[in-house]
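Data first, discussion second: the structure below is written as structure tokens.
The values are calculated or read from the model by the stated rules, or taken from the named source; none is laboratory data. Note that this is a predicted model, so its numbers are computed, not measured. Cβ placement follows ideal geometry from the backbone for every residue including glycine, while neighbour counts extend to all protein chains displayed.
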Amino acid sequence: MRKRTFYIPFLCFLIGAFLSISGCATAPLREGFAAVPGRGDAKAMFHYSVAVQYMLDGKLDEAIAELEAARRYDEKSVDLTIELAVLYAEKGNSEKVIAILQDATRRHPREPMVYLLLGGAQAVRKETVQAERSFRKALELDRDNETAWLHLAALYTESHEYERALACYDRLLKVHPDHVASLYYRARILRELKRDEEAEAGFRKVLELRPAFEAAWIDLGQFYESRKQTEKAVETYRRFMEQYPLRIGIRLRLAEMLIRLQRFDEAEQVLQDALKIDPDNRDVRLTLALFYMEKKDNPRAVDLLEALVQEEPAEARLRYLLASAYEDNGDTAKAIAAYGDVTVKSEFFGNARVRMAMLQSKAGRKEEALQTASQALEKRKDYPGLFLYLASLHEEMKNPAAAEKVLRQGMAAHPRNVDLPYSLGVLFEKSSRFSESITLMEGILAIEPDHADALNFIGYSYAERGLRLDEAERLIRKALKVKPGNGYITDSLGWVYFKKNDLGKAIQYLRDAALAVPDDPTIAEHLGDAFAKAGQKEEALSAYRKALHLNPSSADLPRKIRELGGGNP
């Protein structure tokens, strides 16, 4: 799971630092701006007043034009520059924001606010060095500027320069010992650094100063979770809930934790209590729906998701989840229709179309599935899973040439993707194109040197053919380091030793593989071969019989059993 960012987004920073009323670029930052003596001032005020009206009407382009005009008549106004930067930020034009603010540093070289804004804009664009320089310049002009210290600390935190970030917070805390924001973010860094006692003390100090600080309670609970102190985490969440029973966020956090711990009855009670507090809360209802899906209580999940989709018909994630609930509920027709409703612009489109085609194929409508996947791929080529599924469908329909063509198209569209060449390598191996399959796997290792499946594929392919057995062993051992205990890779290593005639090690690893993957007929047969070669007849017969039970259509296994005197199986 991706960690939450420490950095405060630029636009939110602007809002928090400068807006005196609610709203964003739809309201002026200040009631007026610095008056400048002279005839130009009245014209500037006129254009500014018009800009304010456009901002209130949500007409950003017109507001920008009027502010630009106002600034031409009042070049010394810092306020106009700030408001113009905010509007361009609202438009998403970061280049223009930076250009305006860099110009402002020349017009207003002694104004710390300009450097703060410029640093924020540069930080959002990941221009870390420039952002640090801007924040440092703001601090040169105003050494005790809290906002500059906070944002400099956040910048260092984003760059994982934790000690420098701590130094910034410590500088603030020397002047303001009870500065809650510094204490809070400092505690989070200490948690990252595994300085557990200091982190816990930091969170507790924050909560002494700000008992209603829900995020700090959640962080403290997560701290206990990370240390496997489950009951202390539960107690932390429940203490906050007792003090602030109407807060919903921490109830969701507790429910998610209880679900992970499979304490389902407690989790459901927490969610139902939250629903009583706020019956229309979207997040609670969605979490409850996901909870019911996890418990395979699909009818109740469907009811909740249908209501959510009706309220938010444009929300693609909800439609995708509803389709999944229909699928889990065995309602194939509704699932196909719901997957089909996920729009092409949605991030869930690729997954939805793959699931839709899979259901069609499972229902025996393979041509329809082929059409669904093909049409989806015409609309969106940015989802590798569509190439992979369409190729597998062609292969299933005994058309390997079409499967190869699709996979090659996918590789051209996604040259750094490793799943596509892996699938093509497997396809080649099935059609006895050994050297081409090895070339593809080597290409994967050039992109991802620790790709365990590619390492295992090459190693096992060599072992199967009795080729380059030392290299095969090296590759497979490397794969096992990446995926320790993997039964299939363990089987490959055992097979290498079988080919090397080191039967003691072969039996050892093949036994481990058979325990890890007890329902794989090939692994069971490999173990039988090793026992047979070692002269352990009864053990070999037992392994062969198990393999035949798992693969009754095998032509080789009955023969092997007869050759060992096991009679006709």
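Tabulated values for the structure
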item	result
Ala352 being buried (at least 21 other Cβ atoms within 10 Å of the Cβ), closer than 18 Å to Glu327 by Cα, out of contact with any Cys (no Cβ under 6 Å at 6 or more places or on another chain) and small (Gly, Ala, Ser)	yes
Odd one out for Pro279 among (1) within 29 Å of Phe240 (Cβ to Cβ); (2) part of a helix (DSSP H, G or I)	(2)
Tabulated pairs, segment 538-566, first in contact (Cβ under 8 Å) with a residue 12 or more places away in the chain and within 12 Å of His526 (Cα to Cα), second among the β-branched types (Val, Ile, Thr) and surrounded by 20 or more Cβ atoms within 10 Å (Cβ to Cβ), C-beta under 6 angstrom, 6+ apart or interchain	Tyr544/Ile561
Set Ile259, Ile218: member being within 23 Å of Lys295 (Cβ to Cβ) and either part of a helix (DSSP H, G or I) or hydrophobic (A, V, I, L, M, F, W, C) (or both)	Ile259
Residues that are without any contact (Cβ under 8 Å) to a residue 24 or more places away in the chain, buried (at least 16 other Cβ atoms within 10 Å of the Cβ) and among the aliphatic types (A, V, I, L, M), drawn from segment 425-473	Ile438, Leu440, Met441, Leu445, Ile458
Candidates Arg133, Arg106, filtered to the one that is farther than 22 Å from Asp74 by Cα, free of Cβ contacts under 8 Å to residues at least 60 places away in the same chain and surrounded by fewer than 19 Cβ atoms within 10 Å (Cβ to Cβ)	Arg133
Filtered residue count, segment 477-501, keeping only those that are surrounded by fewer than 16 Cβ atoms within 10 Å (Cβ to Cβ) and of a type outside the set (A, V, I, L, M)	5
Ala337 vs. criteria at pLDDT 95 or above and assigned to a helix (DSSP H, G or I)	yes
Residue match in segment 162-175 (condition: buried (at least 21 other Cβ atoms within 10 Å of the Cβ), of a type in the set (Lys, Arg) and over 27 Å from Ile98 (Cα atoms))	no
Per-region count, segment 142-184, residues in a helix (DSSP H, G or I) and among the polar types (S, T, N, Q)	3
Matching helices (runs of 4 or more DSSP H) fully within segment 65-141 where at least 2 residues are touching a Gly at 6+ places or on another chain (Cβ under 6 Å), within 25 Å of Ala165 (Cβ to Cβ) and not aliphatic (A, V, I, L, M)	128-141
Residues of segment 65-102 classified as under 20 Å from Met113 (Cβ atoms) and in contact (Cβ under 8 Å) with a residue 24 or more places away in the chain, total	21
Out of Ala391, Ala413, Ala463, sole residue that is within 27 Å of the chain's Cα centre (by Cα), more than 30 Å from Gly364 (Cβ to Cβ) and not assigned by TED's automatic domain parsing to the domain that holds His526	Ala413
Qualifying residues in segment 555-568 (those that are under 17 Å from Phe531 (Cβ atoms) and of a type in the set (Gly, Ala, Ser)) - the one surrounded by the most Cβ atoms within 10 Å (Cβ to Cβ)	Gly566
Segment 366-377 residues that are in contact (Cβ under 8 Å) with a residue 40 or more places away in the chain, paired with ones that are assigned to a helix (DSSP H, G or I) (beta carbon under 8 Å, 6 or more apart)	none
Hits in segment 241-256 - residues which are in contact with a Leu (Cβ under 9 Å, 6 or more places away or on another chain) and more than 14 Å from Leu288 (Cα to Cα)	Met241
Residues located in segment 401-432, provided they are among the small types (Gly, Ala, Ser) and in contact with a Phe, Trp or Tyr (Cβ under 8 Å, 6 or more places away or on another chain)	Gly410, Ala413, Gly425
Residue match in segment 231-254 (condition: modelled with pLDDT of 90 or more, out of contact with any strand residue (DSSP E or B) (no Cβ under 7 Å at 6 or more places or on another chain), within 18 Å of Ala301 (Cβ to Cβ) and not in a loop (DSSP other than H, G, I, E, B))	yes
Test: residue in segment 390-403 that is exposed (fewer than 15 other Cβ atoms within 10 Å of the Cβ), in a helix (DSSP H, G or I) and free of Cβ contacts under 8 Å to residues at least 24 places away in the same chain	yes
Matching residues, segment 73-98, being out of contact with any helix residue (DSSP H, G or I) (no Cβ under 8 Å at 6 or more places or on another chain) and either surrounded by fewer than 16 Cβ atoms within 10 Å (Cβ to Cβ) or not assigned by TED's automatic domain parsing to the domain that holds Glu111 (or both)	Gly92, Asn93, Glu95
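Matching residues to (1) at pLDDT 95 or above; (2) under 21 Å from Glu464 (Cα atoms); (3) part of a helix (DSSP H, G or I); (4) in the same structural domain as Asn501 (by TED's automatic domain parsing):
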| position | (1), (2), (3), (4) |
| --- | --- |
| Ala513 | yes, yes, yes, yes |
| Thr522 | yes, yes, yes, yes |
| Leu527 | yes, yes, yes, yes |
| Ala530 | yes, yes, yes, yes |
| Lys546 | yes, no, yes, yes |
| Ser553 | no, no, no, yes |
| Arg559 | no, yes, yes, yes |
| Asn568 | no, no, no, no |
